[in-house]
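Below is one structure, written out as structure tokens; the observations come after it.
The values are calculated or read from the model by the stated rules, or taken from the named source; none is laboratory data. If you're wondering where the values come from, they're calculated on a predicted model, not measured in any experiment. Virtual Cβ from ideal backbone geometry, glycine too; neighbours counted across all protein chains shown.
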Amino acid sequence: MIVMFVLLMLFLWKYIDDLIGKGFEWYIILELMLYASATNVQMALPLSVLLSSIMTYGSLGENYELVAIKSAGISLNRAMYPMFIVVLILSIGTFFFSDYMLPKANLKYYSLLYDARQQKSANFFPEGVFSNSFNNYTIRIMRKDADGQTLHDIIIYATDPKENSHYMLIAKKGRMYRSNDNHYLIMELEDGVKYEEEAGGNIYNTNPRQKFRRSRFKSTQNKLDLTGLIFKRTAESEFKNAYQMMDLKLLRDTMKRTQHFIDSTRLVNYSLITAYVKYFSIPAKSTEVKKYIKYRHNPMQDATNMEKSSYLANALSEVRSVQDLVKNRDQRYKDASANIHSASVEYQKKYTLSAACLALFLIGAPLGAIIRKGGLGLPVVVSVVFFLIYYIIETIGEKEVKAGHASPFIGMWIAIIILTPIGIFLSYKAANDSVIFDTDLYKRFFNNLFVKVFKRKVRL
């Protein structure tokens, strides 16, 4: 819960500008945070396993309970078995979560986040700024009172496309509020002037000149339509093609279809290119002719300048045609390859999340037994360091896979391949009562080294 709280705070910090001031209901924000917490499981769970294992075994070591366990003839590895079984069950549950629940949570989260970011701000009229929040209206309010409804020094520019008319309205004071059905924003203005311009030449008046009208008012009312600003949800089906919203079966089918498209494209490429290589086509070898004479004639030698120009123009035309053909198909090949790489990354993530929990537990448990510190002090620092190492290596591997520079298995499993031997080494050191994190040991080592170096300099 601590790790999830931190990640949710990071989420709010990142998208605070897209959520605040847009008039969302409280349950929309709560729903978005719920989906965000589900999508953060793939980052929060490995860190939680690492942190909790360091805290648990650190507390056992700090209270000398590990000493009591070892004095009873029980090794540290045997004492870790029950917790290892628990983490193994957790990893299996994590796999099913990443395959069944996580795609649905991603679909809900990204679709809702997209709609929230597309929503226009509910702060329609910032002070001193001309706002175009409403179609055919440009409104500036110089100052608003603390209640947010009382307005001062209002200017409104409006256009009516149907009537082909324009007007500008200036008022010293006003008040705005929403209608009962929340479909209109009503502005009641006081003590102002309205300048209206209307095109002439309609069916009632054949005079083509424009009309200009000025009128003063003590009070008037404007209705602004809010239907275009109401929060609307996009159909979730439009986001289902993203690889983060697919389970293992859909990812496998998608990769098969894309690979089939790439293979068929390669076969078609050969037949398309050979049609342009007619100058170098070789006939089938004859069975009757026993001896062939080499043909050494160069058509450019006996050709006139006009014919040479024609030959070169035809050759350039052929080259351009081949170049355009290859360029278009090469771009489609690159896009299809990028899709396979992205799909393979999501496919491997279904397994690496479970394996990461086991690998980080193998690091956390012996580390806690070695450092012998519980609580949220030193364990947090150590766990964050190791998790950053894991996360950086995983991110680099993922980028290399998406760029096509590494195989999906190597790129996505490299972090676990590197950290697992470290966990086994730490388990060995913890089982043998290693003092690898004993600060006094390093102090004595450097003090002795300094003394030896100083004595050698004195002798010289």
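A few points about this structure:
- Within the option set Ala415, Ala338, being in a helix (DSSP H, G or I), under 30 Å from Ile273 (Cβ atoms) and outside the structural domain of Leu102 (by TED's automatic domain parsing) holds for one residue only, Ala338.
Results for (1) among the small types (Gly, Ala, Ser); (2) surrounded by fewer than 11 Cβ atoms within 10 Å (Cβ to Cβ), shown as yes or no for each residue.
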position: Thr304; (1), (2): no, yes
position: Tyr311; (1), (2): no, no
position: Ser317; (1), (2): yes, yes
position: Arg320; (1), (2): no, yes
position: Asn328; (1), (2): no, yes
position: Gln331; (1), (2): no, yes
position: Ser337; (1), (2): yes, no
position: Glu346; (1), (2): no, no
position: Lys349; (1), (2): no, no
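- Positions within the range 235-260 being within 21 Å of the chain's Cα centre (by Cα) and exposed (fewer than 12 other Cβ atoms within 10 Å of the Cβ), in sequence order: Ala235, Ser237, Glu238, Asn241
- A Cβ distance below 8 Å, combined with a sequence gap of six or more or placement on separate chains, defines the contacts here; from the range 169-188, residues that are polar (S, T, N, Q) reach residues that are buried (at least 16 other Cβ atoms within 10 Å of the Cβ) and in a strand (DSSP E or B) in the pairs Ser179/Leu185.
- Taken residue by residue, the range 144-151 has at least one member that is among the acidic types (Asp, Glu), at pLDDT below 75 and more than 13 Å from Met187 (Cα to Cα).
- Thr258 meets all of the listed conditions (1) modelled with pLDDT under 85; (2) farther than 30 Å from Glu190 by Cα but one, namely (1).
- One residue stands out in the range 106-122 among those that are surrounded by 14 or more Cβ atoms within 10 Å (Cβ to Cβ), polar (S, T, N, Q) and modelled with pLDDT under 75: the one that is nearest to the chain's Cα centre (by Cα), namely Gln119.
- Verdict on Glu394 being free of Cβ contacts under 8 Å to residues at least 24 places away in the same chain and surrounded by 14 or more Cβ atoms within 10 Å (Cβ to Cβ): no
Condition check ((1) farther than 24 Å from Met43 by Cβ; (2) not charged (D, E, K, R)) across all residues:
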site	(1), (2)
Leu353	no, yes
Leu360	no, yes
Gly368	no, yes
Val382	no, yes
Ile393	no, yes
Lys402	no, no
Met412	no, yes
Lys429	yes, no
Asn432	yes, yes
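- Look at (1) farther than 23 Å from Gln42 by Cβ; (2) part of a helix (DSSP H, G or I) and you find that Lys373 fails only one, number (2).
- Whichever residue in the range 78-105 is among the aliphatic types (A, V, I, L, M) and under 23 Å from Thr234 (Cα atoms) and, among such residues, is surrounded by the fewest Cβ atoms within 10 Å (Cβ to Cβ): Met101
Conditions tested, residue by residue: (1) loosely packed, with under 13 Cβ neighbours inside 10 Å; (2) more than 16 Å from Ser383 (Cβ to Cβ); (3) outside the structural domain of Leu88 (by TED's automatic domain parsing).
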| site | (1), (2), (3) |
| --- | --- |
| Leu12 | no, yes, no |
| Tyr15 | no, yes, no |
| Glu31 | no, yes, no |
| Leu34 | no, yes, no |
| Asn40 | no, yes, no |
| Ala44 | no, no, no |
| Ser48 | no, no, no |
| Ser52 | no, no, no |
| Ala68 | yes, yes, no |
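- Complete set of residues in the range 1-53 that are aromatic (Phe, Trp, Tyr) and either free of Cβ contacts under 8 Å to residues at least 24 places away in the same chain or touching a strand residue (DSSP E or B) at 6+ places or on another chain (Cβ under 9 Å) (or both): Phe5, Trp13, Trp26, Tyr27
- For Lys373, the test of being surrounded by fewer than 21 Cβ atoms within 10 Å (Cβ to Cβ) and under 24 Å from the mean Cα position of the chain (by Cα) is failed.
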